[in-house]
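**Q** Before I ask anything, here is the structure I am working with.
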Amino acid sequence: MPERATTEQQRLRDLARLRSVRDRMDREFAQPLDVEALARGVNLSAGHLSREFKRAYGESPYSYLMTRRIERAMALLRRGDLSVTEICFAVGCSSLGTFSTRFSELVGMSPSAFRELDDQTVAGMPSCVAKQVTRPVRNREAARLAAPVA
């Protein structure tokens, strides 16, 4: 029984580490972050962090970070006072091509097309609700959401 308690304690410590990594990505999304640096910050190997993060949150640390960056980019695009290139760098991306590709994958349209949308979808909604309604949806999530319920 003591071995089981030790295993459970270790699992809880690992979850706390993963939560601190996720919180760091939420706070510092615009900073240059990579899995190796995130792992070093919580004394884990990069491989172990990646595996455990995906197991706990259903996506890789990179995917989670890019989703945070795209969410922020969507808000900046709605605001309308920065160019797509300025927004790309403001959210922590170092390549306009990668940013545009990832944005299109998650949102279903290019950043420029998103900016041109008449955003009546969220007009009058509280920002916390608008953020949830317009949250980027990954391709595998979109397939799950579109599947008919039996």
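**Q** Considering only protein heavy atoms, with the full assembly of protein chains and a 1.4 angstrom probe, order LEU106, LEU12, LEU96 by accessible area, largest first.
**A** Most to least solvent-accessible, the answer reads LEU12, LEU96, LEU106.
**Q** Suppose accessible area is computed on protein heavy atoms with a 1.4 Å probe; arrange ASP23, ASP14 from highest to lowest.
**A** From most accessible down to least: ASP23, ASP14.
**Q** What's the extension gain from ALA16 to THR101 if we count 0.36 nm per residue and subtract their Cα-Cα distance?
**A** 27.3 nm
**Q** Shape verdict for the range 11-134, please, from the Cα gyration tensor: rounded (a/c under 1.5), prolate (a/b greater than b/c) or oblate.
**A** Cα axes put the range 11-134 in the prolate bin.
**Q** What is the range 11-52 by shape, rounded, prolate or oblate, if you read a ≥ b ≥ c off the alpha carbon gyration tensor as root eigenvalues and call it rounded for a/c under 1.5, prolate for a/b larger than b/c, and oblate otherwise?
**A** oblate
The values are calculated or read from the model by the stated rules, or taken from the named source; none is laboratory data. Fair warning: this is a prediction, and the values are worked out from it, not measured in the lab. In case anyone asks, the SASA skips ligands and DNA or RNA and just uses the protein heavy atoms, side chains included. Shrake-Rupley method; radii C 1.70, N 1.55, O 1.52, S 1.80 Å.
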